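Down below is the structure, laid out as structure tokens.
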Amino acid sequence: MNLRRFIHRKKKNDELAEEIESYLAHEQDANAARGLSSTEARRQAYLKFGNREATREQIWRYRSVPWIEGVWRDLRFALRSLAKTPGFTTIAILVIAVGIGVNTAVFSVVNTVLLKPLTYPDSQSLVQLMNTGPRGSFPGANVPKFNIWHQQTGIFQQVAGYDWGGAGLNLTGNDKPQQVQSIHVTADYFSMFGAPVIAGRTFTAAEDRPNGGHVVVLSYGLWKTRFGGNPSIVGTTIQLDGQPYLVIGVVGRGFITDPVGDLWLPYQFDLSSQDMAHYFTVVARLKPGITLQQANAQLKLAADQYRRIYGGAPSSQDGFGVVSLQESIVGDTRYPLLVLLGAVSLVLLIACANVANLLLARASARKRELATRAALGAGRGQIIRQLLTESLVLSLSGGLLGLVLGFLGVRILLSISPAGMPRLGENGVAVTLDPNILLFTLGISIFTGILFGLAPAISASRSNLAATLNESGSRSGIGFHSGKFRSALVVSEIALALILVIGATLLIRTFLKLEAVDPGLDTHNVLTMAMSISGERFQKTAGVAQIVRDGAERLRAVPGVTNAAATNCMPLQGGFGVPFDIVGRPKGDAPTTGGAGFYSVSWSYFDAFKIPLLRGRSFTDHDDGSAPGVIMINETMAKQFWPKGDPLKDRVQAGVTMGPAFAEPPRQVIGIVGDTHDGGLDRDPFPMMYIPVAQMPDAETALNSRVAPLWWVVRSNVDPHTLVTPVSVALREASGGLPVAHIRSMDEIVARSTSRQRFNMLLLSIFGGSALLMATIGVYGLMAYSVQQRTQELGIRMALGAQTSHIRNMVIRQGMTLALMGVVIGIGGAFFLAHFLASFLFRVKVWDPSAFIATPLLLSGIALLAIWIPARQATRVDPITALRFEQ
């Protein structure tokens with residue numbers, strides 16, 4: 001009944017008006033019957049009844065739903081009021097939209113990467129197996145560890161291993177050989193991850209055993225692009241590295257993996273293997289009711305079992321553990337994303353401060369209107385509610401526009417996001433509009449509406465009507481001293497802007513420091529590409545050495561090529577590490593054993609990269625399988641393990657304790673080369689060992705060809721990209737038709753290695769620049785408004801003889817006082833932010849002088865410029881005009 005009255009308000013209002021008029025007429029007739037004149041009778045009736053409008057509102061609230069009626073009335077009034085000031089409304093909505101938009105964009109990425117569950121069934125029970133120790137934990141497994149973990153049936157339902165998809169395979173069978181990304185997996189892989197099989201089946205346990213046959217499962221993408229989505233492909237054979245493989249199944253398009261695979265092959269582990277090389281990863285599904293803590297406790301016992309059976313590593317301080325798979329995938333991305341989300345929150349706060357200042361200015365202009373409403377009976381709560389409704393209309397409108405801007409911003413973020421951002425791109429899920437994002441945008445829209453609207457609403461609802469009307473009649477009432485809240489908002493804007501700009505400066509300096517790092521090699525005019533050599537003819541070292549020799553000769557014959565080499569790992573992209581012993585060295589002050597990076601390279605590798613030879617000699621083409629074993633080390637290894645001795649007098653045995661595949665013979669150290677940043681420009685060089693490709697043991701070559709491609713390095717005297725076609729043709733001819741992939745210049749690899757730092761720097765710089773712009777506008781707006789409101793005061797001062805320089809300096813002094821207060825607060829806040837940015841910095845101190853001295857000076861200068869313009873306007877006030885205007 002009450003709701004129906006609300007819906008039919010106009011009709012009910014008319015009925016209520018008739019009812020009130022009927023009551024007044026009845027009361028007037030009664031007064032006339034007592035002998036009063038008609039005029040007096042009517043007057044007495046009105047006095048007895050009271051204010052008709054107020055009475056009608058009271059009756060309406062009693063008969064209807066009061067809060068719905070109030071909200072509806074406030075909303076209509078807010079829309080009419082904002083429509084009367086389109087300039088103010090447009091600016092306010094745009095400022096809010098930008099603030100909410102950037103927050104929505106960053107939160108959308110945070111939501112996709114951090115908050116959305118993995119797309120696998122019951123993904124909460126999936127865990128990553130880890131190696132733990134005093135130096136931290138890391139993923140990776142060898143066959144003995146997989147064997148031990150697979151036996152932990154008390155805590156795991158399933159255990160699956162898969163490699164990182166590094167080597168690739170050559171898909172042949174037509175005129176266009178294609179290098180495809182292959183992933184070796186164990187039999188439980190597909191069922192554990194819930195792979196949607198749309199044709200055929202996946203591997204059986206028998207097919208995953210040694211000599212289990214050549215079978216393959218295709219991805220949806222390869223099935224469509226290479227085989228045209230032929231449903232009859234299952235049961236046929238395809239050629240991979242010259243060998244026939246039976247296609248037994250096709251996985252649907254919804255199966256998202258990391259790394260991305262074109263096809264899957266069974267691992268076919270020999271579980272009796274003693275090889276200790278870590279070249280794959282292991283994921284398990286916990287049994288129902290098993291927690292991470294329980295699993296970790298059980299794995300401590302498993303580590304003891306591993307030590308008893310295999311001896312050696314892990315040591316008593318090392319062990320096994322698990323982390324949730326989602327946590328493992330997200331890795332170190334969580335912290336940077338949360339810092340960026342915090343940074344855009346500061347941008348939103350500055351936007352709120354700007355809109356609050358606009359609302360305060362608007363409320364000052366509406367003082368007579370609000371005072372009149374109060375005089376007519378509107379309570380303070382009603383006025384506050386009305387003004388808050390206007391704020392919420394602005395914020396929700398800005399939020400709706402911000403949602404659109406946010407998704408445009410997401411596209412920009414994805415286009416500049418660093419390589420390898422988990423769960424994004426081709427190996428991730430699409431950033432879509434979901435309930436989390438809608439609730440986030442709605443929540444911050446309401447929050448910001450209340451945040452920037454509450455204080456102006458309270459300020460404008462002051463109950464002292466006489467003071468309000470008196471203040472409305474004179475512009476001098478709103479000046480520097482009476483606008484303390486507006487001044488506080490500007491101070492906060494400057495402080496927040498300074499925090500962001502200092503943070504951006506620290507990241508800019510970090511990026512410049514990274515750019516200035518000497519990688520230890522000449523990256524210019526170098527082309528790199530990968531070739532899969534996992535075929536049968538490359539299981540022996542002689543086959544690999546032959547293709548390296550033939551390929552290098554062909555490449556050097558290409559016009560524009562000055563040198564060519566091959567390697568199993570590329571600088572700046574990580575690589576393999578192995579333990580080693582210094583043969584025959586007695587134990588003393590210098591260490592006799594350790595670990596180092598391990599590259600197999602062709603004899604021309606150091607010349608192709610222009611890595612300097614510091615001592616001894618480099619490899620030659622005579623260092624082949626028939627020559628004595630030789631090895632070269634880098635400067636860091638020489639300094640660390642031969643602090644006072646001569647490494648060229650010693651022999652080194654690499655791969656000790658790693659099993660028969662790594663049964664390296666002792667090798668003579670023949671040379672020391674300069675350091676290269678193989679782990680990335682932001683990491684110090686670590687010990688490195690290099691051996692000739694032609695001298696690798698056959699078992700090591702077979703394993704290496706399965707897990708890593710052969711990388712070609714081509715130095716040219718022209719733009720390397722112009723050589724892609726002739727170089728690819730030359731290598732195909734030299735290898736018997738093998739294709740190449742992952743073609744990049746070395747400069748592109750360097751850029752990719754710093755992409756995350758560039759991403760952080762770019763975003764924080766954009767946020768800092770936006771904050772600085774809004775803070776500058778806020779300072780200018782406050783001072784311009786202050787000058788406008790003090791026109792009469794300034795006119796009196798000038799009429800009494802004040803010099804224009806005194807007026808200008810007074811305004812500048814007042815404005816710079818606010819700016820310097822914001823700078824001081826901002827410097828304190830920036831020290832707090834720098835603490836969170838410490839892990840992002842490279843060779844930059846958290847209290848970097850250029851950031852904490854130059855940046856505040858820059859912001860102070862910009863603030864002075866923003867204040868100077870209103871200060872000059874203040875000196876141009878005509879006293880006569882000002883006084884006449886204020887009469």
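Things to note:
- Leading residue by the ranking (nearest to Phe609 (Cα to Cα)) among those in the stretch 521-540 that are assigned to a helix (DSSP H, G or I) and open to solvent by 10 Å² or more (accessible area, probe 1.4 Å): Arg537
- Residue within the stretch 692-700 that is open to solvent by 40 Å² or more (accessible area, probe 1.4 Å) and in contact with a strand residue (DSSP E or B) (Cβ under 9 Å, 6 or more places away or on another chain) present: no
- Output for the stretch 631-671, where each listed residue is over 16 Å from Ala699 (Cα atoms), open to solvent by 10 Å² or more (accessible area, probe 1.4 Å) and of a type in the set (A, V, I, L, M): Ala638, Leu648, Ile670
- Flag for Arg509 being at pLDDT 80 or above, open to solvent by 40 Å² or more (accessible area, probe 1.4 Å) and basic (Lys, Arg): yes
- 3 or more residues of a type in the set (Ser, Thr, Tyr) and surrounded by fewer than 19 Cβ atoms within 10 Å (Cβ to Cβ): qualifying helices (runs of 4 or more DSSP H) within the stretch 772-887: 804-837
- Output for the stretch 861-887, where each listed residue is modelled with pLDDT under 80 and in contact with a Leu (Cβ under 9 Å, 6 or more places away or on another chain): Val877, Pro879, Ala882
- Residues of the stretch 589-621 that turn out to be of a type in the set (Lys, Arg) and over 19 Å from Ser716 (Cα atoms), as a count: 2
- The strands (runs of 3 or more DSSP E) located wholly in the stretch 98-190 that include 1 or more residues which are under 27 Å from Glu536 (Cα atoms) and more than 29 Å from the chain's Cα centre (by Cα) occupy 156-162, 169-172, 178-180, 182-185.
- Residue check: Leu818 meets all listed conditions (1) modelled with pLDDT under 90; (2) under 20 Å from Arg872 (Cβ atoms); (3) not aromatic (Phe, Trp, Tyr) but one, namely (1).
- For His278, the conditions (1) open to solvent by less than 50 Å² (accessible area, probe 1.4 Å); (2) assigned to a loop (DSSP other than H, G, I, E, B); (3) within 30 Å of Gly595 (Cα to Cα) are fulfilled apart from (1).
- Enumeration of residues in the stretch 204-234 that are assigned to a loop (DSSP other than H, G, I, E, B), closer than 15 Å to His184 by Cα and either of a type in the set (S, T, N, Q) or under 37 Å from the mean Cα position of the chain (by Cα) (or both): Thr204, Asn211, Ser219
Residues checked against (1) open to solvent by 30 Å² or more (accessible area, probe 1.4 Å); (2) touching a helix residue (DSSP H, G or I) at 6+ places or on another chain (Cβ under 7 Å); (3) under 19 Å from Gly136 (Cα atoms):
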site	(1), (2), (3)
Gly261	no, no, no
Tyr267	no, yes, no
Ser272	yes, no, no
Arg285	no, yes, no
Thr291	yes, no, no
Asn296	yes, no, yes
Lys300	yes, no, yes
Tyr310	yes, yes, no
Gly321	no, yes, yes
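- Applying the set (1) open to solvent by 10 Å² or more (accessible area, probe 1.4 Å); (2) touching a Phe, Trp or Tyr at 6+ places or on another chain (Cβ under 7 Å) to Thr186 leaves exactly one unmet item: (1).
- Residue in the stretch 735-749 that is modelled with the highest pLDDT, counting only those that are assigned to a helix (DSSP H, G or I) and crowded, with 20+ Cβ neighbours inside 10 Å: Met746
- Within the stretch 541-550, restricting attention to residues that are farther than 17 Å from Asp241 by Cβ and in contact with a strand residue (DSSP E or B) (Cβ under 9 Å, 6 or more places away or on another chain), the residue that is surrounded by the most Cβ atoms within 10 Å (Cβ to Cβ) is Val548.
- The residue of the stretch 212-238 that is nearest to Leu271 (Cα to Cα), among those that are free of Cβ contacts under 8 Å to residues at least 12 places away in the same chain and among the β-branched types (Val, Ile, Thr), is Thr237.
- Members of the stretch 138-171 found to be of a type in the set (Gly, Ala, Ser) and surrounded by fewer than 16 Cβ atoms within 10 Å (Cβ to Cβ), listed by number: Gly140, Gly154
The values are calculated or read from the model by the stated rules, or taken from the named source; none is laboratory data. Bear in mind the structure is a predicted one, so any value in this text is a computation, not a measurement. FYI the Cβ positions are ideal-geometry reconstructions off the backbone, even for glycines, and counts take in every protein chain you see. With ligands, DNA and RNA removed, areas are computed over all heavy atoms of the protein, side chains included. Shrake-Rupley method; radii C 1.70, N 1.55, O 1.52, S 1.80 Å.
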